[in-house]
Each structure stands twice: as C-alpha cells, then as structure tokens.
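Remarks on the structure that follows.
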Amino acid sequence: MIAVTGANGYVGGRIIAHLRAGGMETVALVRRPDECSGPSRRFVLGEPLAADTLEGVDTVIHAAWDASVRGDEVAAVNTEGSLPLLDGVADRGGRLLLVSTLSAFPAARSRYGRAKYALEQAVQRRGGLAVRPGLVFGAAAGGLFGSLVNTSSRGSVMPIVGGSERLFVTHDEHLGKLFAELAGAGSARQRTIFAAHERPTTLRSIVELIAAARGGRVRLVPIPPRAVLAALRLAETAGLPVPYRSDSLLSLINPAPLDELAALDRPPLTFPPLSRDLWER
C-alpha cells in the first residue's frame, strides 16, 4: 500500500490519482478524510501520529505542505512537523519519497526553499529519496500555473514581476508516472532527483504562451521585483491580504544555481516542455 500525504492538494492529488489509475493500492493521508474520495486517514503536520495511520503502508509519498504559516513557523510546522511521520515510516521499515522543489538548495533565500531542503536532509537520513519538480502544470492546474492561466486570460495588459528569471516546468501526469515507478519498482536510487524538463524557460514566455493559446496577445508591464517584495512584506506585516507571498517571490527571483541542478540525479523518464496540448485538454 502507498500512502500519499497532502492528497487533497494539487500535486498530491494528481500523484494519488495516477497511482489509482494504474491499479495501485493507496490511502490518502489528509487533514479532513471525509473530503477525500477513496480510502483516507487523518494526518496533520505537527500532530502526533496515530497508531493506525501507517497500518499496512509500505511506502509514503510525502506531499503535504502548510502554505498558510509565516516566518519561523514555515520550518517549525512543515519540517519539524513532518518528523513524527518520517520516524513512523522508518521505524516500520517503510520507504519515504518526498515531493520537494527546485527551490530547495543549501543557499536558498526563501524560507520555503530552506525548509524543503532541511526536510530533504531529514528524509535522506532515514533512507528516503527526495524528488525536485519545477513549476507544475497540467490540465485544470492548481498552484502558480493555475493562477497564471486565470490572470493571463483576463485582458490584454498584465503586470509582471520581473519575468526573465529562469524557470523549469514539470508536467503533472509525468510527475505522477515518476512517483509510480519509484514506488512500484522499489528503486534503490539515493541521490536527489531532478524532475522537470531539461531546458529552462521564463515567466514571461509562459504567460505569452498561455495568452496565445487563448487566441490573443498580452502586453506585459514589467514591475521591479524588489519594489514588489518590499510592498508584500509591508502588507504581510500589517496583516493585509496579498495575492501571493513575499517568500514565493524570493524563490522566483533567486533560483538554484545551474551547477547545483546539474549535480542532481536524472530519472529515465523524460519530462516534456510546456505545450498547449498538455494543459488545455
């Protein structure tokens, strides 16, 4: 049996759907099991692990992440809060597969990247494996790509923060296929896996492609990232609602060095580039 944490989120949901479509026995580990289809059990980051949470489970794909927390709580809730689960799997002799991010690396500027990197280390100390996807896209996508699809369809003029920063993209169906292969084959891989299309793109290119696919063109108005970062931090300090977090912007404008990415393991699965037929189906 394969357990997937965060299975009611975008990425975790796509992974467990792929596993189930392939006939694999799965259980969703989520905060609200009654909101999940299929077998599910309660799991909350930072809470003690119930005795039956991992009953019958051989492999855990850890995709859960609490994006609502700020400041020091990012690591406290998401990294330290994952330790009961990691220890529970290790104590049972199970296998850990972590959904990490290309924003995770030793010199990451964002709290998100640093917390994910620390979580990678915790998983690897217990014999597990970390997988680093990029910007995840697909049909009816959630996350950042879903937001880009929505905002790029509203008009011909669109403000864009920076736009030239390097981004790698990851098709959600191929990510699900990779995790199915890693879980099903009991891969002995030890090095962190690069799970994205090999050639980078930019936010500007992604927005322009989305707009063209919708039958129009969009005029992008660049906004200096540092100015937006300062404004977001002020709004967050004041408790005001913001369209996205300052920490997310830090991840975007401070990508991992190319030599760091080159050192990551490559799976046999080839990830495709962003194309209209993969996200408009």
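Read-outs throughout are calculated quantities, based only on the coordinates presented, and are distinct from any laboratory measurement. Quantities reported herein were computed from a predicted structural model and do not represent experimental measurements. In this analysis, Cβ positions are derived from the backbone assuming ideal geometry, glycine residues included, and neighbour counts consider all displayed protein chains.
Things to note:
- Cα gyration tensor shape of the range 155-225, rounded if a/c is under 1.5, else prolate or oblate by comparing a/b with b/c: prolate
- Exposure proxy ranking, count of Cβ atoms within 10 Å, fewest first, for Leu98, Leu182: Leu182, Leu98
- Antiparallel bridges, percent of DSSP beta bridges restricted to the chain (to nearest 5): 5 percent
- Within a Gaussian network of the chain (alpha carbon springs, distance under 10 Å), most fluctuating of Ala211, Ala64, Ala227: Ala227
- Rounded to the nearest 20 debye, dipole of the range 2-279 from Cβ charges on Lys, Arg, Asp, Glu: 860 debye
- Annotation note: GluC sites (Glu not before Pro) in the range 181-269 located in DSSP loop regions with a Cβ neighbour count of at most 11 within 10 Å are Glu198.
- Over the chain, DSSP H runs of length four or greater, each weighted -39,500 (n - 2.57), average out per residue to a 222 nm ellipticity of -11000 deg cm²/dmol.
- Restriction of the GluC sites (Glu not before Pro) in the range 1-60 to DSSP coil positions whose beta-carbon has at most 13 other beta-carbons within 10 angstrom yields Glu25, Glu55.
- Relative to the longest principal axis of the Cα atoms of the chain, the long axis of helix 10-21 makes an angle of roughly 50 degrees.
- For the range 1-98: rounded, prolate or oblate by the Cα gyration tensor [a/c cutoff 1.5]: oblate
- Qualifying trypsin sites (Lys or Arg not before Pro) in the range 120-162, where qualification requires a DSSP coil assignment and no more than 16 other C-beta atoms within 10 Å, comprise Arg126, Arg154.
- Tensor-based shape of the range 213-262 (alpha-carbon gyration tensor, a/c under 1.5 rounded, otherwise prolate or oblate): oblate
- Highest average first, the peptides 238-244, 172-178 ordered by how many other beta carbon atoms sit within 10 Å of their residues are 172-178, 238-244.
- Contact order relative to length of the chain, as percent, for alpha carbon pairs under 8 angstrom and 6 or more apart: 19 percent
- Reported to the nearest whole Å, the Cα centre-to-centre distance from the range 8-31 to the range 110-144 is 17.
- Placing unit charges on each Cβ (+1 for Lys and Arg, -1 for Asp and Glu) gives the chain a dipole about its Cα centre, and among Leu102, Leu209, Ser251 the Cα reaching farthest toward its positive end belongs to Leu209.
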